[in-house]
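Shown next, in structure tokens, is the structure this report addresses.
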Amino acid sequence: MNTRDLIRSAFRNAFRSRLRTTLTALSLFVGAFTLTLTTALGAGVNDYVTRQVAAVGSDDVMLITPASQVETSDAGPATYDPNARAKSASANPLGSGSMLNAADIDNAAGLDGIDRVEPIRPVVVDWISSGSSEKFEVEVNPTSSIGQSDLIAGVQLNQTSSEPQIVLPDEYVDALGAASASNLVGSTVTIGYTASDGSAKTADVTVVGVARASLLASGAGVNTTLSNDIADAQAIPGQPASYSVAVAYLSGSDGAITEADISSVKAELAAVDLAGQTLQDQLGVVQAIISGIVGVLNAFAIVALFAASFGIVNTLLMSVQERTREIGLMKAMGMPGRTVFGLFSLEAVVIGLIGSVSGALAAIGLGSLISAAASSTVLADLPGLTIMLFQPSGVLTVIVLIMVIAFVSAVLPARRAARQDPITSLRYE
């Protein structure tokens, strides 16, 4: 019996008892359905979180902030030390634990593993308008100089351009009178801001892109040219410069940034009362929570599959018993034991294939409906989030996993069939 005949016989024999096979496949259906949904849920949320973190920056940067000055222990908060506070405030009264000053920037830039440090200068924009439209409030994303926006239309900011550029959230499309996001791209808008002397200033800015709202980086993105122009106008003469955050560009020993390099830089920053956080740190916290939730849901699916494996064992054991004389006849006609083993194993794989494919297809259908409904209702404030992302690789993994479980479950019954003595089997009543 060649492979094609073996497969054909396995499909035919699997449906000898349709009711028994259907019930066994339904138990696999439940596991496949649940695993496909939870896999899609994890993929959808992780994809969204990854894109949100990408809006903050790239993998070779670290955000530097002042180290926390409030220390606690098992005995409670630390005693106030005025000398320590005075020392930290001596270089800059605004740099006493809540803001970075010039000395902090210089200290960070001199550390091993850091190529350069660029402080982010805070800017405040009062309003934005387009042509004769009314004025609307607008907030500037402070990390837009290092981030990548989740664009709907247009291109990313050009940080080396001498032309003032802006990427607007999609909520400004209708407000500024544009027919669509694409129509807003390339247009010129006017922004207004207040200088340090209290005077009102305006600037004409080119819209280069329109982006979805982001959880981790809200507001409009502006390029370095526009940011510096506003920051220079809002700087108070005679007051030391202060920054809430700075961006450190890392440099690895062999060109690649390793975990060891990152840990070393964090330790060096801590030694000078600074704290460093990479984008992976931000991503890891959120993904750990998501992975925990998905793991719990997957546990229910595994329990269902574990129960289904006993159903497969029972189905095939009964099939072996019912077909004892048939097995004896096949072996008497020269069919080797390994072929008999393969025949019963393939029957289990067929049952696994039916249960897994039907469960995966049902999950895709229902999950797509739920995802579409949620995106327009409860998740309407999270544009770009596909709560259930069905990736071909994920669905295929679930199907293959269940077919493997079915095969493993069939080992005992298949071995019993393969080891039967043909003479004894032919005498079986």
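The values are calculated or read from the model by the stated rules, or taken from the named source; none is laboratory data. Predicted model, so just to flag it, every value in this text is computed and none were measured. Note that we place each Cβ from the backbone using ideal geometry, even for glycine, and neighbour counts take in every protein chain shown. Calculation scope for accessible area: heavy atoms of the full protein, side chains included, ligands and nucleic acids excluded. Shrake-Rupley method; radii C 1.70, N 1.55, O 1.52, S 1.80 Å.
Put a dot 7 Å past the Cα of residue 67, heading toward its Cβ, do the same for residue 188, and the two dots end up 5.0 nm apart. Take the stretch 244-393 with all the other protein chains still there, run a 1.4 Å probe, and you get 49 Å² of accessible area per residue. What the phi angles of the stretch 330-338 give under the Karplus curve with 6.51, -1.76 and 1.60, with θ = phi - 60°, is a coupling list of 4, 6, 5, 7, x, 5, x, x, 5 Hz, glycine and proline written as x. Residue ranking by accessible heavy-atom surface, 1.4 Å probe, largest first, among 347, 171, 268 comes out as 171, 268, 347.
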